[in-house]
Each structure stands twice: as structure tokens, then as C-alpha cells.
Amino acid sequence: MNEQFTKRVDTRKLCVLAMMCALAFLLAAYVRIPIVLFLRYDPKDVIIVIAGFLFGPLAAFFVTVVVSLMQMLTGVSRTGYFGLFMNIVSSAAFCCTAAIIYKKKRTFKGAFIGLVVAGIFATAVMMMWNYIVAPLFMEMPREDIVRLLIPAFLPFNLVSNGLNIVFTIVLYKRVGLILNAMRMMPRTEESGTSASYKGLVLSALFIIVTCVLWVLIIMGVI
């Protein structure tokens, strides 16, 4: 009996995550709003962070990777593996961070704090990774990228993450109500301790790698 219930719950969760992957991809493909210069905002992270709120940070990371791969394979993202990497970094930095914090405090206040912290963190992370990676796929000298960081990349990331925060707050509860009405919400969740611990480990490793690369660039090694 318990085994059948577990399988039913897992199937429901996979169905919901598959739906969210599809919706996030469609938003990335067809809703692209110009913000600064050549940079465009798409609201896929709103769907991904909602998946993280519903099912935990690992679910958010799963949707992030799947959607980023779909963007690359379908040509929505035209920068190949560089675009794949940057899409994963951008979405994971925002969505997984917010989901980890919300996992600790499942209230509106916890969601709001998680989103704001995630927005600040994701902006800082993308500033560093744009400095590191952008010269490679944009085929521009790093000096030119540095000139774009403050007037282009910074406002783009601030506006994008700000919109993600607003849209997530507006939509999150409504999405939960819809899934409940469709009986698509699982009755059990990931182990809070296990999921949060794994999420924190992944986040810590990511921060360490980012800092190491940043230091190597400053030292002129790469």
C-alpha cells in the first residue's frame, strides 16, 4: 500500500515538473522583452522558482537544467554550450537560493526574504560570471566587457530579478491552488533536512568555484 502511494506521488510530481519544464521553455522561447542593449528578459525563472517552492531546491535545479538544455537544442539559445552554462548558472543562482531559504521558513515572509536574497545573490553571481565567460562567447576583449558591466549587465540583472520576484509573489499561491484543484499536488514532500543539506552543499561548491575563478582572473592566470 505504501509503495503504491509512493509511486503515485512520484508520478504526480514528475507530471507537474514536466508541465513546468514545458511552460518555462515556452516562456523562454516566446516571451522575450528587451531591457538593455542586446539583453532580453524572459520569465522562465518565475516558473522554475515556483517549482522550487513546491518541491524543493533540487526540483528547481532539475527544471533549470532541462529547460536550459531544451533552449540550446532547439536553437532558442544561440550561444551553444556557453549559453547553456550561463542559463543554468543564472536560473540556479536565483531559483535554488530562493527555494533553499523558503524550505527553512514556509511562510509568505520566508518566500519574500528568499526571493530578495536570491535576487541580490543572482545579480552578484551573474556580474562575476559575465566578466569570466562573456568574452569567450561574445568574442570581445575583456576590457570591452568590463565597460558593459555597470551600464548594461548590472541594470539588466537587477530589472530581471526584480520582475521575477514580483511575478513569483503574484503567481505562487494561485499555482498551488490550481494544482490542488487538479489533484496534482503530492501529499508528501522531500525530506526537509536532506533536500536543504544537498542544496546547501551544491550552493557552497558553486560559490567556491566562482570565487576561485574570480581570483585566478584577477591574478592574470586565466
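Determine Rg/Rh for region 48-145; Rg is computed over alpha-carbon atoms and Rh is the Kirkwood hydrodynamic estimate from the same atoms.
Details: Rg = 14.8 Å, Rh = 14.0 Å.
Dividing the radius of gyration by the Kirkwood radius yields 1.05.
By per-residue mean of other Cβ atoms within 10 Å, what is the highest-first order of 140-150, 42-52?
Numbers: 140-150: 13.0, 42-52: 28.1.
Ranking the peptides 140-150, 42-52 by packing returns 42-52, 140-150.
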| Under a point spin-label approximation (7 Å from Cα along Cα-to-Cβ), what is the I113-L171 distance to one decimal in nm? | 2.5 nm
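Quickly rank 98-106, 162-170 as a protection proxy: mean count of other C-beta atoms within 10 Å, highest first.
98-106, 162-170
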| said: Could you give each residue of region 60-70 its phi-based ³J(HN,Hα) in whole Hz, using Karplus coefficients 6.51, -1.76, 1.60 with θ = phi - 60°, and x for Gly or Pro? | reply: 4, 5, 4, 5, 4, 5, 4, 5, 5, 5, 4
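Can you check what the net charge comes to around M20, using other residues whose Cβ is under 11 Å from the Cβ of M20 (Lys, Arg +1; Asp, Glu -1)? Walk me through the numbers on the way to the answer.
Details: positive: K13, K44; negative: none.
Summing Lys and Arg as +1 and Asp and Glu as -1 gives +2.
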| said: Run the simple label-point estimate for L37 and L136 please: 7 Å along Cα→C-beta, distance reported in nm. | reply: 2.0 nm
| query | Taking 0.36 nm per intervening residue step and subtracting the Cα-Cα distance, what contour gain separates E143 from A124 on full extension? | reply | 4.9 nm
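All of the numbers you see were taken from the coordinates with simple rules; none came from a lab. Just so we're clear, the structure is a prediction, and the values are computed from it rather than from any experiment. Note: ideal-geometry Cβ built from the backbone for every residue, glycine included; neighbour counts use all protein chains shown.
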